[in-house]
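Comments concern the structure below.
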Amino acid sequence: MQQTKPFFSVVIPVYNKESTLARTLKSVFNQTFADYEIVAVDDGSTDGSLSIRGNCKTSQWRGFAVEGRG
């Protein structure tokens, strides 16, 4: 089965935003248009920002960690 690409991507830069990332994602999920993906790029956070992924029950969200490329 071929997977279709989303209409657009929501890119969220993340750096030590564990305390606000859930609220940010909720805001995106509450939109009425649903043909999108969320790409969170973590630039070396030390607070576990991308651990919030475990609480998201959707395949629309992908998280990537990179080491301090600023």
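Judged by the mean number of other Cβ atoms found within 10 Å, the most tightly packed of the peptides 5-15, 26-36, 42-52 leads the ranking 42-52, 5-15, 26-36. For region 27-40, 3J(HN,Hα) computed residue by residue from phi via the Karplus equation (6.51, -1.76, 1.60; θ = phi - 60°) reads 4, 5, 4, 7, 6, 7, 7, 10, 8, 8, 10, 10, 10, 9 Hz, glycine and proline entered as x.
For ILE12, the residues whose modelled amide H falls within less than 5 Å of its own, excluding neighbours fewer than 5 places apart on the same chain, are VAL39, ALA40, VAL41. Summarising the label geometry, the points placed 7 Å from Cα in the beta-carbon direction at SER51 and PHE29 lie 1.9 nm from one another.
For LYS17, the amide hydrogen comes within under 5 Å of the amide hydrogens of SER49, counting only partners 5 or more places away or on other chains and with H modelled in the peptide plane. Summarising the amide proton neighbourhood of ALA65: residues at separation of 5 or more, or on other chains, whose placed amide H is nearer than 5 Å comprise ASP42.
FYI, it's all coordinate maths here, none of it is from the lab. It should be emphasised that the depicted structure is a prediction, and the values quoted were computed from it without experimental measurement. Reconstructed Cβ throughout: ideal geometry from the backbone, glycine too, with neighbour counts over all protein chains shown.
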